[in-house]
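The values are calculated or read from the model by the stated rules, or taken from the named source; none is laboratory data. Remember, it's a predicted structure, so these values are computed and weren't measured experimentally. Positions of Cβ are backbone-derived with ideal geometry, glycine not excepted, and every protein chain shown enters the neighbour counts.
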Number of protein chains: 2
Amino acid sequence: MDRLTAWIAADVVALTLRDGELHVALVKRKARAARGRWALPGGFLLEGESAEAAAYRELAEEVGLRRRDVRLEQLASYTAPKRDTEHPKRVISIAYLALAADLPDTVPGTDADEAEWVPVEAALGRRLAFDHAQILRDGIERARSKLEYATIATAFLPPEFTMSELRGVYEAVWGVRLDPANFNRKVIGTDGFVVDTGEQRRGRGRPAAIYRVGDATRLNPPLTR
Amino acid sequence: MDRLTAWIAADVVALTLRDGELHVALVKRKARAARGRWALPGGFLLEGESAEAAAYRELAEEVGLRRRDVRLEQLASYTAPKRDTEHPKRVISIAYLALAADLPDTVPGTDADEAEWVPVEAALGRRLAFDHAQILRDGIERARSKLEYATIATAFLPPEFTMSELRGVYEAVWGVRLDPANFNRKVIGTDGFVVDTGEQRRGRGRPAAIYRVGDATRLNPPLTR
DNA sequence: TTAATAGTGTCTTTGAGACAGTATCTA
DNA sequence: TAGATACTGTCTCAAAGACACTATTAA
């Protein structure tokens, strides 16, 4: 019988915003296969472990991101027979998308000290291991399109944020400018997208109202790019 | 080392429309695991085979659907450690969504003679094998939401179809009535959704214009349920 | 006061939805 | 002709987008 037995990898496209630009977490591979190449954080499922659990575990081990730091969702699976020829066994990958707020840098001295946040354009320029460039492209496209109809933009922000920070997420991920007035109206008009805390943040100009995440998950009608 | 090795199944939520109602293909299991239970068509990946290829192969073997009969896309992967305890090895499933036009019935005497098109409500009523009920629910939800922003409704129809047939797809999948006038305007107004062939189909009333699939894949702005 | 940032008001255009009305066939 | 199905026209309302304007702060 030539039924396949395979190793299962969980690989993660972890995205965040730094200085108004979309960044992805990359790690320099230490394992024999593709050693020294840049790759998405990830690793093999263990006995008794789900792919989601493995994704969380690898994010913690390799990037220093804890479960509560990220919003994780499944992206897709990659199963081409030749996608990874460096292992002794066939490897399929289940990819996840993780969105995180900008956080203090990864801690040197841990496994994560070979992890790096890289602007996505630059990341696609490095020749990534295996088919990780394709996975990264798919992850970016998923993030872009999910902003249209889901409230996940807040996953890129700390618990409290201003309207211009929220708008900044859209502008950075979509690479466009949005009209502040219309954006405000749209967000406020979507019940449960954000909640006004009544607090204000002072900066260079007029203080900005501070919002928290509401309980809505879907945007209806959607925002358009 | 307790790295997992697993069997990979490709399981397919194959949907079609019959008599204005959404149906899913189910098969009665012959294999030892869950024998006699109804399940989604699917099976294990072979050496050297991608999950997509396995999905097409199983559709052909078990349901008699050829590659050109369906539009196939990946749905999600299911990896819970206890999702399938009947096999000697851990099994993860990569699920696909397949949309097909209503076709002549499956051919008895082949492997497909234990396949059946079942209305989706009834299918969810049968206690399906493994976690196939969850996969089916996810597939239906995917089909419903993709109708909003993609032109896949045509995958449920033969190459030539009328506007009311296209509207019927939306009405059946969404379970709503749509205004013919507004639906027409919307579809015609979406460049490349459909192409008027100039032909007409005669029936009981005024002949209907016949359309073909256009080359657009996205609906912008989306249709709303 | 000026520059910077936040936020409001309003006008125009577009599209969604409701629905009345017209067109063209079969029986 | 009646009934059935296909299609068009038009009105109203809501939201999107453009953009001028007001508000509140720091320097």
Test: residue in the range A:149-163 that is within 15 Å of DNA strand D (Cβ to nearest atom), within 14 Å of another protein chain (Cβ to nearest Cβ) and free of Cβ contacts under 8 Å to residues at least 12 places away in the same chain: no
For B:A95: the one exception among (1) more than 14 Å from chain A (Cβ to nearest Cβ); (2) among the hydrophobic types (A, V, I, L, M, F, W, C); (3) in contact with a helix residue (DSSP H, G or I) (Cβ under 6 Å, 6 or more places away or on another chain): (1)
Only one of B:G189, B:G205, B:G214 that is more than 15 Å from B:E165 (Cα to Cα) and within 15 Å of DNA strand D (Cβ to nearest atom): B:G189
The range A:28-45 - residue that is farther than 22 Å from A:E121 by Cβ and in a strand (DSSP E or B) and, of those, nearest to the other protein chains (Cβ to nearest Cβ): A:F44
Checking A:D2 against (1) at the interface with another protein chain (Cβ under 9 Å from one of its Cβ atoms); (2) modelled with pLDDT of 95 or more, the condition it does not meet: (2)
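Tell me, which helices (runs of 4 or more DSSP H) wholly within the range B:116-225 include 3 or more residues that are within 23 Å of the chain's Cα centre (by Cα)?
On the way: elements: B:120-125, B:132-149, B:163-174, B:180-189.
Result: B:120-125, B:132-149, B:163-174.
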Test result for B:Y170, of a type in the set (F, W, Y), within 16 Å of DNA strand D (Cβ to nearest atom), modelled with pLDDT under 95 and surrounded by 15 or more Cβ atoms within 10 Å (Cβ to Cβ): no
Whichever residue in the range B:195-220 is exposed (fewer than 12 other Cβ atoms within 10 Å of the Cβ) and within 13 Å of DNA strand C (Cβ to nearest atom) and, among such residues, is nearest to the other protein chains (Cβ to nearest Cβ): B:N220
Which listed residue is more than 14 Å from chain B (Cβ to nearest Cβ), without any contact (Cβ under 8 Å) to a residue 40 or more places away in the chain, outside any loop (DSSP other than H, G, I, E, B) and out of contact with any His (no Cβ under 8 Å at 6 or more places or on another chain), from A:A25, A:A60: A:A60
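Go through the range A:1-22 residue by residue and tally those that are in a loop (DSSP other than H, G, I, E, B), more than 22 Å from the chain's Cα centre (by Cα) and either in contact (Cβ under 8 Å) with a residue 12 or more places away in the chain or crowded, with 24+ Cβ neighbours inside 10 Å (or both). Write out each step before concluding.
Initial filter on the range A:1-22 (in a loop (DSSP other than H, G, I, E, B)): A:1-2, A:4, A:19-20.
Now narrow it down to the ones that are more than 22 Å from the chain's Cα centre (by Cα): A:1-2, A:4.
Subset that is either in contact (Cβ under 8 Å) with a residue 12 or more places away in the chain or crowded, with 24+ Cβ neighbours inside 10 Å (or both): A:4.
Matching residues across the range A:1-22 total 1.
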Failed condition for B:G48, given (1) outside any strand (DSSP E or B); (2) within 13 Å of another protein chain (Cβ to nearest Cβ); (3) at negative phi: (3)
Residue list for the range A:25-59, filter: modelled with pLDDT under 95 and within 27 Å of A:A153 (Cβ to Cβ): none
Some residue of the range B:112-131 being surrounded by fewer than 12 Cβ atoms within 10 Å (Cβ to Cβ) and touching a residue at least 60 places away in the same chain (Cβ under 8 Å): yes
